[in-house]
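The values are calculated or read from the model by the stated rules, or taken from the named source; none is laboratory data. Note that the coordinates shown come from a computational prediction; the quantities given were computed from them, not determined experimentally. Cβ placement follows ideal geometry from the backbone for every residue including glycine, while neighbour counts extend to all protein chains displayed. Calculation scope for accessible area: heavy atoms of the full protein, side chains included, ligands and nucleic acids excluded. Shrake-Rupley method; radii C 1.70, N 1.55, O 1.52, S 1.80 Å.
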Amino acid sequence: MSANTVATSFFDDQEPGTSGLRKKVRIFQQPHYLENFVQSVFDSIGDFSGQTLVVGGDGRYYNRHAIQIILKMAAANGFGRVLVGQGGILSTPAASHIIRKYKAFGGLILSASHNPAGPDEDFGIKYNIGNGGPAPEQVTGAIFACSKEISEYKILKADDVPLDKITSAQLGGMQVEVINPVADYAALMQSLFDFDAIRELLTSGFTIAFDAMHAVTGPYAMHIIEEMLGAPDGTVKNGVPKEDFGGGHPDPNLTYAHELVDILYADNAPDFGAASDGDGDRNMILGRRFFVTPSDSLAILAANANCAPGYQGGLAGIARSMPTSAAADRVAEAMGLECYETPTGWKFFGNLMDAGKVTLCGEESFGTGSNHVREKDGLWAVLFWLNILAVRKVSVENVVREHWRKFGRNYYSRHDYEGIDTGAAEAVLQQVRDQFPKLPGQTLAGRVVKHCDDFTYTDPVDGSVSCNQGVRVLFEDGSRIILRLSGTGTSGATIRIYLESYEADTLQHDMDAQDALAGMIAAANKISRLHELTGRDCPTVIT
Ligand code: VG1
Ligand code: CO
């Protein structure tokens, strides 16, 4: 075995997006492509000689191949130890926990989250820092800069390391430990939630269904929900991770998790349903014939946090991404807590959690989490809900309706237009920007526009500034229209339009969100000239 320095030439497209570098598998399969990115990471993160790196992924196609390359490069670059999940598996929140628990220098997580998997689909890689969270913008910026100058990388010439047994192996001067991907994470969940109460709930007639969507959460959910909490076998559906995610699109929303939705909306539906995404960090919560909006879920977890032992000491504060509805703000206000508004992407929550300013965080994109790790966490959210239901002994729907009675309802929806020509997508946002001077004071959908801007965030901890984080049209009554472009896609552009309006009157809480927001939707389409500029007349996905 010897370390080999390989000459390479740079690629100009290795800029990490909202959550790491995501590209088609075919792009990653180009000679040197993955190696260049990994070396750019190693060249950007400081002195890690002798330190520990965590490696694992969501099990998608190319995961195993990429891990072997990363192991050999980590050894050649001087890491002392790598912890890798058995079979190359680590959910994103479990990887975050392992980095923290074993005081690793950082981790490489291989995932394109909910994007489809397979030879013609997507792959992704993300670097997480020592706090367990996604690298902040300064680090991803340095990685991108390195990737544009790289001329060589280091890799050990060695045989592949067997990953299917819990074992350790020596790779050059580096030790590789293949670890149980579930055990540490399961113990963490048990430390946060009342497993006895949840077990009693699940074994006394309360029925649930969990859809792992053929992705990484399967082994975690089967161990925790079925083995530890006693739910009947078969509670976890599609629980064996597949390299192509069963040909599906493991995005837990009403469109892509239709298998679960059909179960929860059928006669004799279970009391509770949940799904997670490709890498296990997202969650969808359903009651019997009832959908919980992710923004509401964050607010409801915050308002009911004292049901869960891990949060009974109180919350430090709450943070939500800017496009997420303001439902959590109302809870924060009532509880006397600070509520922070960050740009989209979990990396912006890390500083707030590290500084002890927030306990709970959430995004409208089916992401909720807390300071137990530094990623959003799908199964955590499911267990939190079950803990609340076990204590309160009411249905999901009643928990939500009671919440609305107390705090009002933030009607909310996101309309995605996928596969748009990049120029046309930019033009749509520019069209709205061009109207910033004249919109304030105008009435749209019966509401007066108060203010328009491009959202800029100044991190309250380190003072770093992030510009152009979404085009906002804010109304006097708190309603909002927000437009931004996705930073996780791999082909064309995706325009996301976020719509929100607040309704205090309990008698008006029974509307369908699309009906309640119809005026706002029409206004957004009008001011953006979206249909004209893109040639599309309806969204690809509505959540
Ligand atoms: C999307 C979501 C964002 C989330 C990100 C990563 O980003 O909107 O809220 O943090 O995905 O989640 P974008 O830039 O496409 O809007 V995951 O589960 O894909 O790692
Ligand atoms: Co994800």
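Computing FRET efficiency as 1/(1 + (r/R0)^6) for Lys103 and Thr456, where r is the C-beta to C-beta distance and R0 is 35 Å, gives about 0.50. Accessible surface calculations at 1.4 Å, restricted to protein heavy atoms, place region 174-236 at 34 Å² per residue.
Over the C-alpha trace of region 138-294, radius of gyration and Dmax come out as 20.1, 62 angstrom. Taking every protein chain into account, the accessible area of region 409-542 amounts to 43 square angstrom per residue (probe 1.4 Å).
Rolling a 1.4 Å probe over the protein heavy atoms of region 2-180, with every protein chain left in place, gives an accessible area that is 48 percent carbon and sulfur. Kirkwood-type hydrodynamic radius, region 2-180: 15.8 Å, calculated from all non-identical alpha-carbon pairs. Taking 17 Å as the cut-off, no amide N atom of region 278-299 comes nearer than this to a point 7 Å along the Cα-to-beta-carbon line of Ala518. Secondary structure note: in the chain, about 70% of the DSSP beta bridges are antiparallel. In this simple spin-label model, placing a label point 7 Å from the Cα along the Cα-to-Cβ direction at both Cys538 and Glu402 gives a separation of 3.8 nm. Taking the DSSP bridge list for region 204-304 and keeping only pairs wholly inside it, about 55 percent are antiparallel. Packing order of peptides 63-74, 177-188, highest average first: 63-74, 177-188 (average count of other Cβ atoms within 10 Å over each peptide's residues).
If you wrap a convex hull around the C-alpha atoms of the chain and split its volume per residue, what is the figure in Å³? Can you show the working numbers first?
Values: hull volume 75.4 nm³, N = 543.
Value for the chain: 139 Å³ per residue.
With a cut-off of 18 Å on the backbone N, the residues of region 431-462 near the modelled label site 7 Å out from Ala504 along Cα-Cβ are 447-448.
Tell me, what is the FRET efficiency for Gln68 and Gln138 to the nearest 0.05, using R0 = 30 angstrom and their Cβ-Cβ distance as r?
Details: r = 30 Å, r/R0 = 1.00.
Result of the calculation: an efficiency of 0.50.
Report in % the part of the accessible area of region 409-542 that belongs to carbon and sulfur, leaving out ligands and nucleic acids; probe 1.4 Å.
Numbers: 2790 of 5830 Å².
Using a 1.4 Å probe with all protein chains present, region 409-542 comes out at 48 percent carbon and sulfur.
Split the accessible area of region 185-407 by element, probe 1.4 Å, and carbon with sulfur accounts for 45%.
Please give the calculated 222 nm ellipticity per residue for the chain, where each DSSP H segment of at least 4 residues contributes -39500 (n - 2.57) and the sum is spread over every residue; nearest 500 deg cm²/dmol? So the helix-based figure for the chain works out to -8500 deg cm²/dmol. Computed from the C-beta positions of Asp164 and Thr8 and an R0 of 25 Å, the FRET efficiency is 0.25 to the nearest 0.05. Here region 185-407 carries DSSP beta bridges of which approximately 50% are antiparallel, counting only pairs with both residues inside.
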